[in-house]
Amino acid sequence: MTVDDASSGDVAGPAEPSATADPSGTGSGTTSGGSSGAPNRASAGGSSGTSSGGASGTSGAAGASSATPSAADGSSGSSGSSGAPESSSAYPTPHHVVDHTVEPTDDPLAIRLEQLILGADRRYTPFQAARTAGVSMELASRFWRAMGFADIGQAKALTEADVLALRRLAGLVEAGLLSEPMAVQVARSTGQTTARLAEWQIDSFLEGLTEPPEPGMTRTEVTYPLVELLLPELEEFLIYVWRRQLAAATGRVVQAADDEEMVDRRLAVGFADLVGFTRLTRRLEEEELGELVEAFETTCADLVAAHGGRLIKTLGDEVLYAADDAGTAAEIALRLIETLSHDETMPALRVGIAFGTVTTRMGDVFGTTVNLASRLTSIAPKDAVLVDSALAEELTRTGEAPVSETGAAEEAARAEKEGERAPTYRFALQPMWQRPVRGLGVVEPWLLGRRPT
């Protein structure tokens, strides 16, 4: 689910940086490497050129609080252009150079909001930020792109906070606490998660402002005082929730049986899917559709969390969740069906669950078990739950479902005859016809239900 960050190799040419837009986020400036056909367009600079091995050993791009690097800084290097061709990355710049950089906004209100949120003024270009942090331009570029920020060329748009973030990430690598690829993954996972959170919060808060606090005020004008009030509280709450989630995740890891289980674990994975959602999108207004999706995601998230599962992700009309044991996953699936079937505004729901080894990475889950759960969902009847044979076997092994209904009836009759209490089961399993599933061969699905009390 991730997009690999661009990387670049060594580059050759004069010590002065290039301002050419670079798809990989790096320009030139190191004293070693090959060359490419991208011309050097560096402007006259103020400070001296770069040298190999130094803190400013490569020029090019560092990221921004709202953008990433794309080219070298024009404030470094000698005046003019040497005319020597330079290689900007592992992906050579074509002759028809297209500048994909994003110019930072100069809107006064936007700048005020940025200063309020970041707590600092713009004072660095990407090159200057990387040099101040003591980070190579290549690594700085990889970090900022991993965080999901757009290229800004060499605009002076970065703050002390950006320099500190670069220094911290690079420091973890230098101290040996993280490898460089792992540090990039940390940047990417944090950027992806917080980007969605920030978008959701701003959209939700502004949507709730149907009436401005003062007559004549626009939503844009309301944003500043709103952010000013909410920022400190939301920041503290974010840290609290992150620490809670980190504690829960760490607890699951230390309970793993061995080192391999920390990465490849046996989990129950479930997909819940709204039936006929595509047709529904053509019939509902956008606002109605948004409300339906939000209600569906909220209901699923609450039920999954309340019964001990973990919501992996939401996909509009579908949610993916995981649980450490089969019984928890089964209970969540039936609760979802029971809850949403009583909501007249919701389409029918179907759920598929599979149990087996799952690879976890950056908060997501991968593997055959996940694919099987998805396939089971696609063939499940409306308002029903299909499970694979592995989950059915696990439910019978733990005594949460009988091996067969006939055997359960015989056990109950014998217990009644002997004056004993009959075994109780939470779930009922009904075998379905075996059928081929694309990419997974022939599977034997089981229909999951509740045992009558």
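For segment 316-343, the set of residues classified as more than 29 Å from GLY399 (Cβ to Cβ) and in contact with a strand residue (DSSP E or B) (Cβ under 9 Å, 6 or more places away or on another chain) consists of GLY316, ASP317, GLU318, listed by residue number. Taken over segment 182-211, residues that are charged (D, E, K, R), under 19 Å from the mean Cα position of the chain (by Cα) and either open to solvent by 60 Å² or more (accessible area, probe 1.4 Å) or at pLDDT below 85 (or both) amount to 3. Filter segment 109-128 for residues that are touching a residue at least 60 places away in the same chain (Cβ under 8 Å) and open to solvent by 60 Å² or more (accessible area, probe 1.4 Å) and give the result. Answer for segment 109-128, where residues must be touching a residue at least 60 places away in the same chain (Cβ under 8 Å) and open to solvent by 60 Å² or more (accessible area, probe 1.4 Å): ARG112, ILE117.
Among the residues of segment 406-433, the ones that are assigned to a loop (DSSP other than H, G, I, E, B), open to solvent by less than 100 Å² (accessible area, probe 1.4 Å), closer than 20 Å to VAL387 by Cβ and hydrophobic (A, V, I, L, M, F, W, C) come to 1 in all. Pairs meeting the criteria (first residue in segment 228-244 and surrounded by 10 or more Cβ atoms within 10 Å (Cβ to Cβ), second residue among the hydrophobic types (A, V, I, L, M, F, W, C) and assigned to a helix (DSSP H, G or I), beta carbons under 9 Å, at least 6 apart or on different chains) are GLU228/LEU116; LEU230/PHE205; LEU231/LEU116; LEU231/ILE117; LEU238/LEU197. Annotation note: Cβ proximity below 8 Å between a residue of segment 183-196 that is among the aromatic types (Phe, Trp, Tyr) and a residue that is open to solvent by less than 40 Å² (accessible area, probe 1.4 Å) (sequence gap 6+ or interchain) occurs for no pair.
Inside segment 294-308, can you point out the residues that are buried (at least 17 other Cβ atoms within 10 Å of the Cβ) and free of Cβ contacts under 8 Å to residues at least 24 places away in the same chain? If the condition is that a residue be buried (at least 17 other Cβ atoms within 10 Å of the Cβ) and free of Cβ contacts under 8 Å to residues at least 24 places away in the same chain, then GLU297 is the only one that fits. Look at LEU169 and say whether it is under 27 Å from GLU236 (Cα atoms), of a type in the set (A, V, I, L, M), part of a helix (DSSP H, G or I) and free of Cβ contacts under 8 Å to residues at least 60 places away in the same chain. Answer is yes for this residue. When PHE366 is tested against (1) touching a Cys at 6+ places or on another chain (Cβ under 7 Å); (2) hydrophobic (A, V, I, L, M, F, W, C); (3) free of Cβ contacts under 8 Å to residues at least 40 places away in the same chain, just one condition goes unmet, and that condition is (1). Could you tell me which residue of segment 347-367 is nearest to GLY449 (Cα to Cα), considering only residues that are modelled with pLDDT of 90 or more and not in a strand (DSSP E or B)? Among those residues, the one meeting the criterion is ALA348.
Pairs are defined by a Cβ separation below 8 Å, a sequence spacing of at least 6 or placement on different chains, a first member in segment 421-435 that is within 14 Å of ARG397 (Cα to Cα) and at pLDDT 85 or above, and a second member that is of a type in the set (Phe, Trp, Tyr) and part of a strand (DSSP E or B); the pairs so defined are LEU429/TRP446. The residues of segment 312-342 that are more than 18 Å from LEU429 (Cβ to Cβ), open to solvent by 30 Å² or more (accessible area, probe 1.4 Å) and in a helix (DSSP H, G or I), listed by number, are THR339, SER341. In segment 148-159 there is no residue that is at pLDDT 90 or above, farther than 16 Å from LEU118 by Cβ and among the β-branched types (Val, Ile, Thr). Give the number of residues within segment 365-377 that are open to solvent by 30 Å² or more (accessible area, probe 1.4 Å) and either among the aromatic types (Phe, Trp, Tyr) or within 16 Å of ILE337 (Cβ to Cβ) (or both). Summing the residues that are open to solvent by 30 Å² or more (accessible area, probe 1.4 Å) and either among the aromatic types (Phe, Trp, Tyr) or within 16 Å of ILE337 (Cβ to Cβ) (or both) in segment 365-377 gives 1.
Per-residue answers, yes or no, for (1) of a type in the set (Asp, Glu); (2) open to solvent by 10 Å² or more (accessible area, probe 1.4 Å):
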residue: GLU344; (1), (2): yes, yes
residue: LEU349; (1), (2): no, no
residue: GLY356; (1), (2): no, no
residue: GLY363; (1), (2): no, yes
residue: LYS382; (1), (2): no, yes
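The values are calculated or read from the model by the stated rules, or taken from the named source; none is laboratory data. Worth saying up front: this structure is predicted, and the values here are computed from it rather than measured. Because the Cβ atoms are built from the backbone with ideal geometry, glycine has one as well, and the counts that use them run over all protein chains shown. These accessible areas exclude ligands, DNA and RNA; they are computed on the full protein's heavy atoms, side chains included. Shrake-Rupley method; radii C 1.70, N 1.55, O 1.52, S 1.80 Å.
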